[in-house]
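First up is the structure itself, then whatever we jot down about it.
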Amino acid sequence: MALIFLSMISKNRNLESFPNPKPDRDYWIEFACPEFTCVCPKTGQPDFATIKIKYVPDQKCVELKSLKLYLWSYRNEGIFHEKVVNTILDDLIDCIQPRFMEVIGDFFVRGGIHTVVTAKHGEQSGINLSDSTT
């Protein structure tokens, strides 16, 4: 049963959105996924990370259940840290076209090295995201 479930989530890369309730206002939305997992493409060992997403929506917001399933879909994928963070950003941009977005992958120590990858899209005009809580 678990293999069937993992097979189902590994194929779910469908992000969904809903209309922004305040498209005329700049405000930020922040998410943290402290249980993100992918696989090192060189060693096959699991990589664990906290993925943080901050964005200023335009006309659409990302729907959280679809985001959760999307992030789970990387569970068994061999992918480099830099690639996964940039792919997440690109897929979210395609889904919601935010005014500004930042995705941070804070990966656990592996081989004595702690990796943090940050990818950004757009300008932070009109809002200071550095004061955010995540």
Practice prompt. Grab the Cα-Cα distance for residue 45 and residue 60, subtract it from 0.36 nm times how many residues apart they are, and report the gain in nm with one decimal.
Written response: 1.8 nm
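Could you give the dipole magnitude of the stretch 44-121 about its Cα centre, charging the beta-carbon of Lys and Arg +1 and that of Asp and Glu -1, in debye to the nearest 20? If you can, show how the numbers build up before the last one.
On the way: 10 positive and 10 negative charges, 41 e Å.
Here the size comes out at about 200 debye.
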Worksheet entry | Relative packing of peptides 47-54, 89-96, 107-114 - highest average C-beta neighbours within 10 Å first | 47-54, 89-96, 107-114
Discussion item. For the stretch 2-127, take every pair of Cα atoms, bin their distances at 5 Å starting from 0, and report each bin as a whole percent.
Written reply: 2, 11, 20, 23, 18, 12, 8, 4, 1, 0
Worksheet entry | Highest to lowest packing among 62-71, 21-30, scored as the average C-beta count within 10 Å | 62-71, 21-30
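Each reported figure results from applying straightforward, stated rules to the coordinates on display, with no laboratory input. From a predicted model like this one, the values you see are computed outputs, not experimental measurements. Cβ atoms come from the backbone with ideal geometry, glycine included; neighbour counts cover every protein chain shown.
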